[in-house]
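Read the structure below first, then the notes.
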Amino acid sequence: MKSGCSKCNRKSYLTIKKYSLWTAEISDSPTPIGWIYIILKRHVEQFEELTNKELIELKKIIKELKKMLVKSFNPDWFNVMQLGNGGRHLHVHLVPRFEKPIKFDGKTFKDPDYGGMIIDRYKPAKKEFLIKLRDYLKGNL
């Protein structure tokens, strides 16, 4: 654990599931809806620092979470990214991509960048909505 790291010892109401070596949580800015962070529990900054055990578990997690997202929203595609720009604690973004708008909780969600690079449109959603989204996704695991 690294002092001052926002992802070390994280306790979040956004958590979908805790795994042995990783934690999965929804993004607080759901554009596109269903965006998930898969956060390594130990502090590592570079992808090549991952152990084989961590990589194997990550592959299983991505597979499980993709199934959950297909059941929840039936995305047309997925992006799997490891960036590190917003925090130097290794985490992976699992981003469902949608060609057409998706309806959830009385709202319509669009993926304006479908078919191309995602443009940063960070806009946190309200906690009440995020809890509904988290619980819906957890129910489809």
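The values are calculated or read from the model by the stated rules, or taken from the named source; none is laboratory data. The shown structure was predicted, so the numbers you read here are calculated from the model rather than taken from an experiment. Backbone-built Cβ (ideal geometry, glycine too); neighbour counts: all protein chains shown.
How do the pairs read when you match residues in the range 117-129 that are touching a residue at least 12 places away in the same chain (Cβ under 8 Å) with residues anywhere that are surrounded by 10 or more Cβ atoms within 10 Å (Cβ to Cβ) and among the small types (Gly, Ala, Ser), using Cβ under 8 Å and keeping only pairs 6 or more apart or on different chains? Qualifying pairs under 8 Å: ARG121/SER29; TYR122/SER29; LYS123/SER29; PRO124/SER29; ALA125/SER29. Taking the range 51-107 as the range and being surrounded by 15 or more Cβ atoms within 10 Å (Cβ to Cβ), within 30 Å of SER3 (Cα to Cα) and of a type in the set (Ser, Thr, Tyr) as the test, no residue passes. Has the range 27-48 got at least one residue that is of a type in the set (Asp, Glu), over 25 Å from PHE129 (Cβ atoms), over 11 Å from the mean Cα position of the chain (by Cα) and assigned to a loop (DSSP other than H, G, I, E, B)? Within the range 27-48 (the criterion being of a type in the set (Asp, Glu), over 25 Å from PHE129 (Cβ atoms), over 11 Å from the mean Cα position of the chain (by Cα) and assigned to a loop (DSSP other than H, G, I, E, B)), the answer is yes, since at least one residue qualifies. Only one of the numbered conditions (1) basic (Lys, Arg); (2) in contact (Cβ under 8 Å) with a residue 60 or more places away in the chain; (3) closer than 16 Å to ARG134 by Cβ is not met by LYS11, and that is (2). Among the residues of the range 70-105, just one is in a loop (DSSP other than H, G, I, E, B), modelled with pLDDT of 95 or more and basic (Lys, Arg), namely LYS100.
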